[in-house]
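*Asks:* Please see the structure below; I have some questions.
The values are calculated or read from the model by the stated rules, or taken from the named source; none is laboratory data. Fair warning: this is a prediction, and the values are worked out from it, not measured in the lab. Counting neighbours? That spans all protein chains shown, and the Cβs are built from the backbone with ideal geometry, glycine included.
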Amino acid sequence: MSKKILIVSDYIDSDLGGIETYIYQVKKILQKQWFEIKIVWYKTKKSKFKKLFFLLLSFFNIHWFFKLRKTIKNFKPDIIRLHSIARAFWPIWILPIKFFNWKTLIMYHDLGYFHPFASNVTEEKQLVLPFTFKWWIKSLKNYCFLNKIYWIFKYFKLYFLKKILIKYVDIHIVPSDFMVDILKKRWIKKKKIRVLKHFILQE
C-alpha cells in the first residue's frame, strides 16, 4: 500500500514558477516512487490585485479551516507537507494539523517568514533576528499608509503562525545551511531542522 502525502500551499498555478513549479516537480518525483499525492491550496494569484484581495480575505475566511480539516480526515495522509503558507493563510486556518497524529513537515523556500521584503534581502546583516515590531515598522518607512497597515497585519500573522509551527510541526526543512542559524535564532530548536539543499547549491 502506497504512502499518502498531503501537500499544502497557499497558491498553486503551474505557470507561476518558483515555489509552485517546485511543488509540481516534487509531486511528479514522489508519484514515481509510489507515493499517493494530494495537493490542497488556497487560491491562485493571476494578478497582483487578486493576490492582494485573497491575502486580506485570509484574515477572515474561516471556511479554509474546515476545508483543510475535512481534507485531512478524508484523505488520511501519512505525512502533511506545508509549503508557502505565510502569504495567504491566517494562522488559525493551519490549526487542523494539530489533529494529525503522524509527521508534519514545513519547507522554508525563502526568507518570507523573517523579513517583510524577502526578495530585497541580499546580505545577512539585513536580517534582524528575532525581529521586533519596532524593526518591522522601521522597514516600512518608504511605503504608503495602506501598505503599512497591510504589513502590520502581516507581522502579527507571522507572530501567531510561529507559535503554531513550533508546537505542531515535527520537521522544519530549509534549502541551505545558511538558514539553519536563522531558524535557530528566530524559531526552532536545531534538532527539528533538516537541510535539503537547493539544486543550485549542489553544483
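*Asks:* Here is a list of conditions, (1) without any contact (Cβ under 8 Å) to a residue 60 or more places away in the chain; (2) farther than 24 Å from residue 147 by Cα, and residue 119 meets all of them except one; can you say which number that is?
*Replies:* (2)
*Asks:* Filtering the range 1-16 down to residues that are surrounded by fewer than 18 Cβ atoms within 10 Å (Cβ to Cβ), assigned to a loop (DSSP other than H, G, I, E, B) and not polar (S, T, N, Q), which residue is modelled with the highest pLDDT?
*Replies:* Out of the qualifying residues, it is 3.
*Asks:* Oh, and also: Taking the range 141-156, which residues are surrounded by 10 or more Cβ atoms within 10 Å (Cβ to Cβ) and of a type outside the set (D, E, K, R)?
*Replies:* Start the filter on the range 141-156 by keeping residues that are surrounded by 10 or more Cβ atoms within 10 Å (Cβ to Cβ), which leaves 143, 147-156.
143, 147, 149, 150, 151, 152, 153, 155, 156 - these are the residues of the range 141-156 that are surrounded by 10 or more Cβ atoms within 10 Å (Cβ to Cβ) and of a type outside the set (D, E, K, R).
*Asks:* Oh, and also: Test residue 193 against the criterion of being over 24 Å from residue 90 (Cβ atoms) and crowded, with 16+ Cβ neighbours inside 10 Å, and give yes or no.
*Replies:* yes
*Asks:* Would you check if there is a residue in the range 17-26 being in a loop (DSSP other than H, G, I, E, B), surrounded by fewer than 18 Cβ atoms within 10 Å (Cβ to Cβ) and either modelled with pLDDT under 85 or among the β-branched types (Val, Ile, Thr) (or both)?
*Replies:* In the first step, residues of the range 17-26 are kept if they are in a loop (DSSP other than H, G, I, E, B); the result is 17-18.
Now drop any that are not surrounded by fewer than 18 Cβ atoms within 10 Å (Cβ to Cβ), which leaves 17-18.
With either modelled with pLDDT under 85 or among the β-branched types (Val, Ile, Thr) (or both) added as a condition, the list becomes 17-18.
Yes: one or more hits.
*Asks:* Could you name every one of the strands (runs of 3 or more DSSP E) located completely within the range 34-144 that has at least 1 residues being at pLDDT 80 or above and among the hydroxyl-bearing types (Ser, Thr, Tyr)?
*Replies:* Strands (runs of 3 or more DSSP E) meeting the threshold: 103-107.
*Asks:* Which count do you get for residues in the range 145-179 that are in a helix (DSSP H, G or I) and among the small types (Gly, Ala, Ser)?
*Replies:* 0
*Asks:* When both residues are 6+ apart or on different chains and their Cβ atoms are under 6 Å apart, which pairs have a first residue that lies in the range 153-177 and is under 15 Å from residue 92 (Cα atoms), and a second that is aliphatic (A, V, I, L, M) and not in a helix (DSSP H, G or I)?
*Replies:* Listed by first residue and then by second, the contacts come to 169/106.
*Asks:* So if I check each of 163, 185, which one is surrounded by fewer than 15 Cβ atoms within 10 Å (Cβ to Cβ), of a type outside the set (A, V, I, L, M, F, W, C) and more than 25 Å from residue 79 (Cα to Cα)? Break it down stepwise before answering.
*Replies:* Working: 163 fails: more than 25 Å from residue 79 (Cα to Cα).
The unique qualifying residue is 185.
*Asks:* Collect the residues in the range 107-145 that are over 21 Å from the mean Cα position of the chain (by Cα) and of a type in the set (Asp, Glu), keeping them in residue-number order.
*Replies:* Across the range 107-145, the qualifying residue is only 123.
*Asks:* Here's another thing I want to ask about it. Taking residue 168 as the residue in question, decide whether it is in contact with a Lys or Arg (Cβ under 8 Å, 6 or more places away or on another chain), closer than 30 Å to residue 79 by Cα and not aliphatic (A, V, I, L, M).
*Replies:* Yes.
*Asks:* Something else now. Give me a count of the residues in the range 122-136 that are free of Cβ contacts under 8 Å to residues at least 40 places away in the same chain and either in contact with a helix residue (DSSP H, G or I) (Cβ under 7 Å, 6 or more places away or on another chain) or loosely packed, with under 11 Cβ neighbours inside 10 Å (or both).
*Replies:* Residues that pass the stated criteria total 7.
*Asks:* When residue 101 is evaluated against the numbered criteria (1) surrounded by 18 or more Cβ atoms within 10 Å (Cβ to Cβ); (2) under 30 Å from residue 63 (Cβ atoms), which criterion, by number, is the only one it fails?
*Replies:* With (1) surrounded by 18 or more Cβ atoms within 10 Å (Cβ to Cβ); (2) under 30 Å from residue 63 (Cβ atoms) applied to residue 101, the lone miss is (1).
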